[in-house]
Each structure stands twice: as C-alpha cells, then as structure tokens.
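Structure first, then comments.
None of the figures in this text is laboratory data; all of them are computed from the coordinates on show. In this text, all values refer to a predicted model and were calculated from it rather than measured experimentally. Heads up, the Cβs are rebuilt from the backbone with ideal geometry, glycines too, and the neighbour counts pull from every protein chain shown.
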Amino acid sequence: MTVRPRRRMHLAAYFPGVDNTTVRADPRSRSRIEFSSFEHLARTAERGLFDFFFLAESLTVLSALAGVTERLGLAATVDATFNEPYELARRLATLDHLSGGRAAWNVVTSSDASTGANFRRGVFLNRADRYVRAAEFVAVARKLWDSWTPEGVSRPVAHRGRHFDIAGEFTVPRPPQGHPVVIQAGDSDEGREFAAATADVVFTRQSSLESGRAFYADVKRRLAKYGRTPDDLKIMSGVSVVLGDTAADAREKAAEIRRQQNSLYDPDGPRSFVGTPEAVAGELDDLVRREACDGFVLVPHLTPTGLDGFVDRVVPLLQERGAFRTEYRGATLRSHLGLSEPVWKG
Amino acid sequence: MLHLSAAVDQPSAYDAGSYVELARLAERGGLDFVTLGDTFARPGPDALAVLSRVAPATTRVGLVPTVTTTHTEPFHVQAAVATLDWVSRGRAGWRIEVSATEGEARLFGRRHAAPAETLWHEAGEVADVAARLWDSWEDDAEIRDVSTGRFIDRDKLHHVDFEGTGFSVKGPSTVPRPPQGHPVRVVDATEGPARRTAARYADVALVRAASPAQAGAVRDQLRADAKDFGRDPDTLRVLASLLVDLGDGEHAAEPGHGGGGPRQTAQGPLYRGGPVDLAELVTAWHTDGIVDGFHLTPAEPRRDLERLVNGTVALLQHRGLFRTFYPGSTLREHLGLARPANQYAVTGGTS
C-alpha cells in the first residue's frame with residue numbers, strides 16, 4: 001500500500017475592491033488606485049510564495065505588476081458579457097507572454113443593466129444565456145490561443161456559434177502556458193457545471209467544513225463526464241483572516257474590524273478565521289486535508305498592508321507542517337497550481 | 001521648445017525585455033514619448049499592455065500605445081488608457097486609430113467595414129466620450145474619511161450620458177480621474193478624414209511629410225481648424241513623422257548624403273543618412289517654425305534608436321536645442337501642455 005503524498009494547499013490573494021469587507025477608516029488604509037498599493041500587495045503575495053494575485057477588471061494593472069514580480073500568477077476578473085472574444089483573448093495572451101506564463105482569467109458574467117448602459121452591446125441576457133455565452137466565449141478564446149502552431153506559424157481560425165461568428169488570424173503566438181489559466185466562481189448549479197466543464201480553478205464561498213466537503217465532492221464528481229480528472233480543477237475557498245497574539249486578542253481585533261467595515265456584516269462574505277497564527281494555520285491545513293478545498297483566496301481587510309501578517313506569521317507555520325511550498329518550483333502559474341499544459345489542438 | 005518622440009515597434013517581439021530596453025534608451029535621450037503601434041490586421045501584441053509592462057521599468061518617458069476605436073468598446077478603451085496613466089504616474093498617451101478593413105471586421109463579426117470618413121467621425125466621438133469619462137470623477141472624488149469610512153464622494157461622480165452615432169455611454173467611469181486629467185491624445189493627421197478629428201480632439205498631431213512645405217501646410221490647416229473648433233491652436237503640438245534609416249554611419253555629414261531630405265516611399269517619408277545630418281534636418285525644420293517636433297520610426301529598431309539617441313539627440317542637446325534632463329514628470333509637462341480643467345467640476349479647481 002502506498003502512502004498518499006501530503007496535500008499541499010494553494011494560496012491566492014484578492015486585491016480589495018469597493019466592497020464591504022474592506023476597512024477604510026483605519027489610518028493604515030491607503031489609496032486603492034495608486035500603483036504603489038498594488039505593488040506592495042503583489043510583492044507581499046510573492047514573498048509569501050502565493051500561487052496568484054487577482055484584481056477586478058484590470059489587465060492593465062496586471063501587465064504593470066508583471067514588471068515588479070517574477071513568479072506570482074496574475075489573474076484578472078473580466079466580464080464575458082460586455083467584451084468580445086478576439087480582443088480579450090489577445091489581451092490575455094499578451095499578458096501571458098509579457099509575464100512569462102503567469103496569466104489567468106477569472107470569467108464572470110454581468111447581469112447589471114446599468115453596466116450595460118455603457119456598452120455597444122447593451123443587451124440584457126438572462127442567467128442561463130449568460131452562461132451559454134460565457135462557455136462559448138471561453139471556447140473561442142481557446143481556439144484563438146491554439147491557432148498558431150507551437151512552431152510559431154499563424155493559421156486561420158473560424159468559429160460560428162449562437163453568440164459569436166468570427167473568422168481570421170490571431171495576432172499573437174501561442175501563449176507560454178498554452179492557455180492562460182481559467183478561473184470561475186461557482187457556487188450555483190450552473191456555476192458548478194460550467195467550472196467542471198471549463199475551468200482550471202473554481203472559487204467557492206462555502207462557509208463550513210461540511211458544506212465545503214459536499215461542494216468539493218460534487219464538483220470533482222462532475223469532472224469525469226468531461227473527460228477530466230479531479231486534479232484538473234482546483235477548488236479554492238474565499239477566506240478572511242484576523243490574527244492575534246492570543247485567541248482573545250484576535251477576537252477583539254475582529255470585533256474592531258467589523259465595527260469599521262462599511263456596512264452591516266455580510267453573511268455571504270468570505271469565511272472568517274480568527275485566532276493565533278498557530279490556530280489559523282491548523283484550521284486551514286485541516287480543511288485541505290479533509291478535502292473541503294484545495295486552497296484559499298485571502299481577502300485582506302486593509303490596502304495595501306493587509307497581507308503582511310499572514311505572510312509573515314502564518315505561511316512559515318504552514319511550511320513547517322509541510323502544508324505549503326517552501327519555494328516556487330516552476331516559472332508558470334500552471335506549474336504552481338500543478339496543472340498540466342493543455343494539449344495543442346491544431 | 002523642440003519635442004522628440006520615437007516608435008519602439010519591432011517585428012515578432014512578444015517578450016517584455018526588448019521593449020523595456022528600447023523605452024529606456026529613449027528615456028536616456030530625454031525623448032518626450034515612445035509610441036507602439038497596434039492593429040488587429042497583422043501579428044503583434046496588445047500595445048497598451050506592453051507599455052503598461054514598460055511603465056514600472058521607466059520613470060519619465062511618455063508611453064503612447066495605439067488603441068483602435070472601431071471594434072473596441074469606448075468605455076473599456078478610456079478605462080485602459082486612464083489606468084495606464086495611473087500605473088505610469090502621469091505618462092500615458094493614446095494614439096487613436098481606426099480599423100478599416102473587412103478582414104478586421106470579420107475578427108469581431110459585429111459590423112462590416114466602413115468608409116474612413118465614418119470611422120474617423122466615430123473615433124472623434126470616442127475621443128470625446130473618453131475625455132468626459134476621465135472627467136466623470138472629480139479629482140478629489142476618492143476620499144478616505146476616517147470618521148465615516150466612506151471611500152467615494154458620490155456628489156463628485158458624474159454621468160456623462162453620451163449619445164454617439166453608433167454607441168452611447170452613461171458613465172461614470174470605473175477609474176478615478178487620471179493623474180494628467182486627460183492622458184495625451186495623439187492622432188496621425190496625414191490623411192484627410194483623420195485630420196478633422198485631430199484638429200478637434202488631439203493634443204499631438206503626427207504628419208507624415210517629405211518636405212518642410214508639405215508639413216508646414218498641414219500644420220497651418222490643423223491650427224486653423226483647431227481654432228474653428230474653439231480651441232487655442234497653441235494647445236496642439238504638430239510633429240513631423242519620418243521613417244529613419246541611420247545605417248549609413250556616423251560620418252554622413254557630407255553634402256548630398258541625406259542632404260536631399262526625406263524621400264517619399266510606400267511606407268511613408270524615409271530619411272536615410274547619418275545621425276548628424278538628421279540633427280541638421282531637425283534643426284532646420286524646427287528653427288523655421290515648420291513643426292513643433294518629430295516622431296521618428298527607426299528602420300532597424302535597436303540600431304537606429306541607438307544612433308538617434310547617441311548621435312542626433314546628443315548633438316541637439318549640445319547645441320542647446322533639446323532638453324538634457326526632464327524638468328517635469330508627466331507627459332503633459334514634457335509637451336508643455338497644461339492639465340485640463342474638469343468639465344464637470346463646479347468649482348473648476350485643478351492644479
């Protein structure tokens with residue numbers, strides 16, 4: 001009988017947007033638009049050997065961050081409703097080239113009619129249609145990424161489907177990762193199915209061990225019908241962490257943060273871990289060992305210093321337990337995540 | 001004040017390193033800005049992404065990617081340019097271009113190719129709505145109010161309610177007002193349909209001209225048109241755009257060698273000669289007030305940019321015609337253009 005190797009977790013950090021998990025009243029809170037804020041968080045995540053860092057709607061900021069980081073994966077949340085596959089696939093492929101294979105795309109769909117009022121394609125799509133369009137969008141993007149041969153020869157590509165009808169040549173060679181990593185948030189039934197069919201990473205907000213284990217088993221089970229193995233899709237759980245020197249100290253800090261957060265406590269917000277670094281490291285490790293997830297997306301409370309405590313105090317404890325990497329082995333995000341490079345479909 | 005800029009385009013380059021090197025070289029020469037072309041019609045990376053990658057590796061040189069307006073979303077375009085301005089701390093420009101071919105139209109499958117007149121009219125609308133969206137956040141809309149924990153002062157965000165011929169945008173933007181207020185808009189004004197748009201909206205107009213007479217005539221027309229649009233013509237910089245091949249060596253100051261000026265070629269006006277002769281040409285055109293400066297596209301990217309910086313620029317600096325250091329930090333400052341007032345701010349308070 002063979003001993004199963006220790007399951008190592010994956011870690012990502014989310015750059016806080018305008019939402020109610022962020023504490024802005026704290027004097028340590030800084031501008032969320034100054035590049036130095038992004039740079040500090042990204043460098044901290046890289047110092048902590050995180051798999052990736054993700055931002056909403058900003059491939060431009062990620063391209064700049066590629067210049068101040070070397071190994072960290074760079075994920076952009078970009079809407080598949082108000083973009084066109086050719087242009088977005090090209091921007092993602094460019095980021096993958098510029099970063100030496102560190103690009104990822106968190107695919108979201110938009111239902112916001114007021115957002116639609118800003119775009120040429122200002123049409124409203126119902127929920128089911130949005131997923132159909134998103135699935136076709138990802139399929140077209142992958143076709144475009146595969147359109148150059150691995151030897152660097154561009155070849156024409158054509159696609160005619162329900163939402164897109166395009167033909168021509170792509171302007172960018174096949175990305176270093178083959179395909180940038182595709183991420184999807186998927187707690188709903190459509191989201192789970194879409195992730196099982198399409199994504200490399202799925203985000204979840206399951207808030208207990210039991211619901212996490214159920215989600216994990218359900219999503220991994222769905223993979224087989226798409227010819228995929230459980231390792232082909234990583235499940236990452238959104239969490240916020242509050243550290244203290246003692247459990248009581250941490251609870252006090254958590255209460256203070258809650259008082260400062262912009263609105264009332266959000267029950268759908270990320271699961272909160274409050275405690276000493278030892279306790280938090282133990283709980284996170286436990287969730288991964290018991291197959292409630294493959295890793296975590298940290299949502300810091302503070303910009304830009306919100307990751308410092310976790311990286312300085314929790315990561316070393318996870319490493320001591322053998323639960324997290326002690327160095328980056330490869331250069332690409334796929335290698336950090338343990339995902340194989342997609343086979344070229346000529 | 002003489003303004004100089006150079007293209008950093010290279011065939012089949014997709015890695016960051018080579019672009020960073022060229023931009024740093026241009027920055028060493030004190031150039032106002034570098035441009036990087038972009039089209040869906042030929043191989044090449046997304047130019048705005050490349051220059052965003054270049055931004056943290058440089059500190060002063062302006063960064064001007066081409067971003068097309070025909071098949072893109074005006075809202076996304078303005079947000080990307082504003083973000084480039086943020087990540088470069090006020091060094092962003094935007095070279096506005098259109099996509100005229102049916103081949104490009106088929107990559108999107110949304111509309112057919114249209115005449116240049118139509119496309120440049122729309123490009124003007126995109127330039128217009130972009131400036132409105134940059135202004136849709138007042139400069140001090142992002143706040144950090146410790147007592148209330150508020151992030152945005154909603155009274156300082158504005159709808160733009162723009163109705164164009166082929167698109168409409170409600171606003172406000174998703175990006176706070178960029179450091180320069182409005183990143184610098186650049187238009188190649190050589191062809192008729194683009195010229196009107198340049199006169200109305202551009203901060204910098206490029207003119208591909210083989211003779212001083214030709215360049216001067218276009219500049220005069222641009223300035224007159226700008227005035228008709230209610231602009232102060234002195235807020236428009238007109239740069240002569242030349243291809244330069246400096247492969248004939250450093251010693252080419254002999255009479256007749258490149259001395260005949262640029263020749264018209266299929267790729268545009270081409271100057272071939274030595275860096276010293278090029279300095280003479282720059283001096284002559286600029287001293288006569290024909291143009292405000294030059295936009296130079298090296299025939300051989302690395303070789304010619306090196307010769308341009310180490311030869312031509314060094315000589316112009318020696319003669320006191322070109323800056324030896326950057327007195328300002330933003331692209332607008334390099335170009336001597338003021339930071340525009342916000343069209344929505346009631347108090348009009350800008351720096």
For segment A:104-188, what is the charge dipole size about the Cα centre, in debye to the nearest 20, if Lys and Arg each add +1 at the Cβ and Asp and Glu each add -1 at the Cβ? 180
Give the angle, between 0 and 90 degrees and rounded to the nearest 10, that separates the Cα long axis of helix A:277-289 from the longest principal axis of the Cα atoms of chain A. 40
Dipole in debye (nearest 20) - chain A, about Cα centre, beta carbon charges: Lys, Arg +1; Asp, Glu -1: 660
Using alpha-carbon coordinates, inclination of helix A:35-47 to the longest axis of chain A, degrees: 80
Considering only A:292, A:276, A:342, whose Cα is most displaced toward the positive end of the charge dipole of segment A:263-346, charges sitting on Cβ of Lys, Arg (+1) and Asp, Glu (-1)? A:342
What translational D, rounded to a whole number of µm²/s, comes out for segment A:149-212 from Stokes-Einstein when the hydrodynamic radius is the Kirkwood one over Cα pairs, at 4 °C and 1.567 mPa s? 87
Cross-link table A:143/A:234; A:225/A:345; A:143/B:170, entries beyond 25 Å C-alpha to C-alpha: A:143/B:170
Semi-axes (Å, rounded, descending) of the ellipsoid equivalent to chain B per its C-alpha gyration tensor are 34, 23, 20
Using only the alpha-carbon atoms, how far is helix A:209-222 inclined from the longest principal axis of chain A? Give it as 0 to 90 degrees, nearest 10. 20
Would you mind telling me which residue in A:228, A:121, A:289 has the biggest mean-square fluctuation in a Gaussian network model of chain A, where springs connect alpha carbons within a distance under 10 angstrom? A:121
Distances over 50 Å make up what percent of all Cα-Cα pairs in the protein assembly as shown? 15
What percent does the relative contact order of chain A come to when contacts are Cα pairs within less than 8 Å and at least six residues apart? 25
Once you sort the root eigenvalues of the Cα gyration tensor of segment A:72-185 as a ≥ b ≥ c, which label holds: rounded (a/c under 1.5), prolate (a/b larger than b/c) or oblate (the other case)? oblate
Magnitude of the charge dipole, chain B, Cβ model with Lys/Arg +1 and Asp/Glu -1, debye to 20: 300
Let me know the volume per residue of the alpha-carbon convex hull for segment A:10-337, in Å³. 139
Going from the fewest other Cβ atoms within 10 Å to the most, one would list A:213, A:160, B:89 as A:160, A:213, B:89
Taking +1 at the Cβ of each Lys and Arg and -1 at the Cβ of each Asp and Glu, which of A:158, A:58, A:243 sits farthest along the dipole of segment A:10-337 towards its positive end, judged by Cα position relative to the Cα centre? A:158
Listing A:115, A:326, B:58, B:35 by rising number of other beta-carbon atoms within 10 angstrom, fewest first, gives A:326, A:115, B:58, B:35
